[in-house]
Structures are given as structure tokens and as C-alpha cells.
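The values are calculated or read from the model by the stated rules, or taken from the named source; none is laboratory data. Remember, predicted model here, so these are calculated numbers, not experimental data. Neighbour counts are summed over all protein chains in view; Cβ atoms, including those assigned to glycine, are modelled from backbone coordinates with ideal geometry. Just the protein is used for accessible areas: all its heavy atoms, side chains included, with ligands, DNA and RNA removed. Shrake-Rupley method; radii C 1.70, N 1.55, O 1.52, S 1.80 Å.
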Amino acid sequence: GLGSTAQHSTAAAPPRPLMRNRPGWRHSGSMAQRVLPLPRQQSFCPPTIPNPFVHPRRLSAGDKLRTLLQGIILLPLRATCIAVLLLLAWLFASIATFQHPGKGSVPLKGWRRRMIQTTLSCLTHTLFFTMGFQVKVKGKVASPLEAPIFVAAPHSSFFDAIISALTGMPSIVTRVENLSAPVLGTILSSLQPVAVSRQDPDSRKNTVTEITKRALSRGQWPQILIFPEGTCTNRSCLITFKQGAFVPRVPVQPVLLRYPNKLDTVTWTWQGYSLKELCVMTVCQLFTRVEVEFLPVHVPTEDEKNDPILFANRVRQTMATALNVPVTDHTFEDCRLMISAGQLTLPMEAGLVEFTKISKKLNLKWNHVREQLDTFAAIASASKGGRIGIEEFAEYLKLPISDVLKELFLLFDRNGDGTIDFREYVIGLSILCNPANTEETIQMAFKLFDMDEDGTITENEFAAIIQSALGVPELDVSVLFKEIDADETGKLSYDEFKNFALKHPEYAKLFTTYLELQRYQSDMLEEDDREAPEVKHSPVRRCTIPVSETMPITRNKVCPEGSEEDNSSTSDKKDD
């Protein structure tokens, strides 16, 4: 029972076969511990590519010297040619859109559209040639009737725009702010892009509606080029495809991009070279290779037409297989969390959680995960590497390191490396702590602490149970008690107790873990009694958690001996 003392004869201690029948447990002294964490769902395993949003700076001294010497000649010449070509493109774009009615709501037709398709396409080809790009094309470009939408991946650079020149200058999806930029804004407007406004709460819905309208126009509008990843990566994998290109339920043509260069000066990610640095380094190279491959058109099945996510995933898998890279569930929201982690003085990669998977499986919103990042940063601030160790975990809970605390830590530590990263923390809170933090559990805990049943918990009552549970008779819990005692009356009401528990769900799981451990050990000892009846026991009841002999016995209030009902109140970790 809870709070009992332990004395067990050691003269003829029998073996404990029950231990061997419970995988992952071992017996150490009077405490059963897990050797390994419990089995985990494969769907929650870490991604094969931890961070696709980083591109390390790998320019050697020789590369820098070579780039500098080549740049002395190439940079001014190419910069001059680029400026001239952009001005020419702006001129033809202005002519094509001059006095055009509709301002983007009506497609360009006749000579206007032919001018865009021929002159701008030719100028874009020339622009990339001037910058030193050697383009290798594989496959056949589909017609507007065969595939109204191109989906290109992996998206890793602004140089990916080379696809536009190869596909007859299709429409693109771009931010509405880009249309106001000098020169480039006019050129983009001539492509009749689908503009996205971050200020408009209905922008996402309007964007999908516009894409659908154009895709179903049967050639009235230009084809649409979409990078479904929605952000740039380092091409090590394909991250989650957004659904916009797949909602219209029309055939799409996958387009692959490769940059087989010894020196990578094109990859533009959230961590790495800046836009200006990449432009200068690329222009200073003698040549830059790029391969563009047009895969066969993907015609959606009936199942894919009814499920854009399935459609997107199958197209992504086809492209990943052709590229021989894995797929992950990272998305643009991970980038936002990564930036937030950097602002909280954590390593930027600490914020990566594969948001698509986490949000779907655990029903989490981005704002909620962002709030959890603040808490995680507060706990991990004293550690290096943006991870929580057992010491930081104990300090955050204001408790000493004990067997029960180690057990809870093991449940969070999914990969068993002795630390908790932010992804493990989010999963742990959602799977372990929040389900355990029910009204029933809180009421049970309050009754356990309220030993005199007067409806309040004194500091002595609180200390007695905490010291008993953790096996530390001299533990000072005054700091934790004062934190819960919001009205500073020296007694905890149920409302104070509940409010604190709801804000700190870790304690709920700590409590249910404590109950589960003592029940398990009780079952184990009963099994020993049945297997070794000849062993003589002291009349003093054996205990599952070390405790002072003066501790009050509370088992009759929460965990009555022989109660079958109690077993149902514990959290079932196997649901993980």
C-alpha cells in the first residue's frame, strides 16, 4: 500500500520471474526500473533528415580565392548584361500589359500572350545563359490540356525560375507585395500570377479558388507553375506538399530539379548564405549546371480526386523515388518554429517537430506548439544543445531526482539518448501528460493529499505525500507548495490545486506513474509470495516506495488493497 514500510527476508530470496515476463523492466534494490523506453509508434519516429532547412557554409580557402579571381572579370560583365536583359524584359512586359482590361482577372490573349511566351521566354533563357547556367532538359513538356498545372520540387533556390523559360512562361503563385517591386513587379504581373496576401485571412481560400478556376479553364489561362513545398530546402528530402495544386483534381506534371555542381552556390535556405551572397558567388562561377526533368503527367484516380492529401502524397512519392531522396513531414510552420527557437536563444533546429505529422496526429495548432516552445526554452536554458537533461527536468518540477522522476523522464525520452528534445517534449505532453491530467486524476490526487479530509491541503500533508512518493524523507517542498498556494493562505483549496495541475500537466503524469509503479511492484511481490511460500516475512507490511516509518498510511483512501477498480484509473502508456 501507499506509505507502508518495507522489510523483506534476504536469506532465501526467491528469483523474480515476473520481471523477466515484463519487457523493458529490471529490478534494482527495492525499485523496478525500465531498461528501455516503452515501444513507440513508428509514425512518431524522428525523420531521416533532421533539418532540411540548413545549408552549411562550405567554401574552402581555395574556393574563395578562385571565386575572387574569376569574379574580377565575370562579375562586372555579367552584372551589366543582367541589367540590360531585365530592362528589356520590363519593356516587353509593359507593352504586353499596356491598357489591358481586368488587371489580372482576365487572361491575356492574342498578341499580348504570344509576346510574353516568346520574348520573355527568350530573354529568360538568355539571362540564365549570361549567368553561366548550363541547362540539361529531360522529358517532354505537357500541353495545357494535358496538364494545366506543373508541380516542381525540390524547391531550393530562386534560380528554380529557370523552369518558367522552359515551359512558356506559365503563371506562378507569388506574394502580392512582389508585384509592387520596381522592374520585377511589372515582369511578374505580365505572367498573370496568383497573388497571395498574408494580411487577408481569406487569402488561402481565395488562392485555391483562383488556382481551381484557372486549371479548369481548358487553356483559356496559362498553365500554372507551383512549388508545392512552399519554402526552400537543401534538396536532401521532399517535405510536405501543400494541397493547393491538387485541390482542382486535374492532371499535373511533376518537374524535378537537380544542381549537380561540386561547389553549391545556389541553395538558399533559412540557415546559410544570404540572397546577395548566393547571387554574387553564382555569377562569379565559370558555369553552373542544372538539370530539369519533366516526368510523365500524373492523372488522378477517383480516390485522389476525392482526397487532395492522398493526391499530393502520391505525386510527392513519385518525385522522391525519381530523385532517390526520402520524404519528411516538415513544412513551412517548422521554419516559423525554427526562427522562434533562435529568438529564444535555442539552436534553430530545436524548433523542428515535423509540424504536419504532429498537428494531424495530436490535433495541435501552431500557436499551441509555439507556447510549448516558450516553456521548453525556459527549462532547457541552462543546458547546452537545446535539450533537457534529467537535472533540468527535476529543477523545472522543483523535485529531486528519484526513481519515479526517472521513470517519467524515460517516457518523454523517446529515443533513449538521455535527453528530451522539443519534439519529444511536445509528443510527451500530448500523449502522456494531457490525457493523464483529467478531472478524475486531479480529484484522486487531491483526496490523497487531503489526509484529514477537511477539504484543504496543509504544507505538512503535502510534504508527507511528496516525501513518501519520492522516497526522500527530508525533502523540502515549501517552494513548490507556495507556488501552488496562489492566495497565500497556507492551505491549498481544490481550485488552487486544480488550476496548478492544468497549467503543469507533467505533475499529473508523475502522479499516475507513481501509482502505476507501486501497483506493479505490489503485483510483483504477490507473485513472489505465491512462488515462494516458504519464505518468512516480517509482520511489517512491505512497501513499494521507500518511506519514513512515521509517514501516514493513505492506501485506504486512493489505492485500497485488493481493489480491482484502481487499475483502470492509471494512464495506459501502451496507447502510445
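Before moving on, here are some points about what is shown:
- Accessible surface, region 61-323, averaged per residue in Å² (probe 1.4 Å): 48 Å²
- Counting heavy atoms of the protein chains alone, K398 has an accessible area of about 80 Å² for a 1.4 Å probe.
- For the pair T318 and T438, a Förster radius of 56 Å applied to the C-beta separation gives a FRET efficiency near 0.80, rounded to the nearest 0.05.
- Near-label residues of region 211-226 by backbone N, under 20 Å of a point 7 Å along Cα→Cβ of S121: 215, 217-226
- Among the listed pairs K136/K360; K64/K242; K365/K398; K242/K498, those beyond 32 Å (Cα-Cα): K136/K360; K64/K242; K242/K498
- Less than 5 angstrom separates the built amide H of V327 from those of L238, all sequence-distant by 5 or more or on a different chain.
- Residues whose placed amide H lies under 5 Å from that of Q134, excluding near-sequence neighbours: T288, R289, V290
- Inter-label distance, nm, simple model (7 Å from Cα along the C-beta direction), V299/A382: 6.5 nm
- Dipole of region 61-323 computed with +1 at Lys/Arg Cβ and -1 at Asp/Glu Cβ about the Cα centre; of T126, W111, G71, farthest Cα towards the positive end is W111.
- Additional length obtainable on full extension of the chain from E277 to K482, 0.36 nm per residue less Cα span: 68.4 nm
- I72/A161 FRET efficiency (R0 35 Å; Cβ-Cβ; nearest 0.05): 0.80
- Extending 7 Å from Cα along the Cβ direction at T212 and again at N415 yields two label points whose distance is 4.0 nm.
- As a rough guide to protection, the peptides 53-64, 262-273 ranked by mean Cβ packing within 10 Å, highest first, stand as 262-273, 53-64.
- Each label point was placed 7 Å from the Cα along the Cα-to-Cβ direction; for S203 and Q134 their separation is 4.0 nm.
- Apolar share of the accessible surface for region 439-523: 50 percent from carbon plus sulfur atoms, 1.4 Å probe.
- According to the Cα-based calculation, Rg over Rh for region 439-523 is 0.95, with Rh computed by the Kirkwood formula.
- Given their separation in residues at 0.36 nm each and the Cα-Cα distance between them, E177 and D374 gain 67.8 nm when the chain is fully extended.
- Part-to-part distance (alpha-carbon centres) for region 393-410 and region 128-143, which is given in Å: 58 Å
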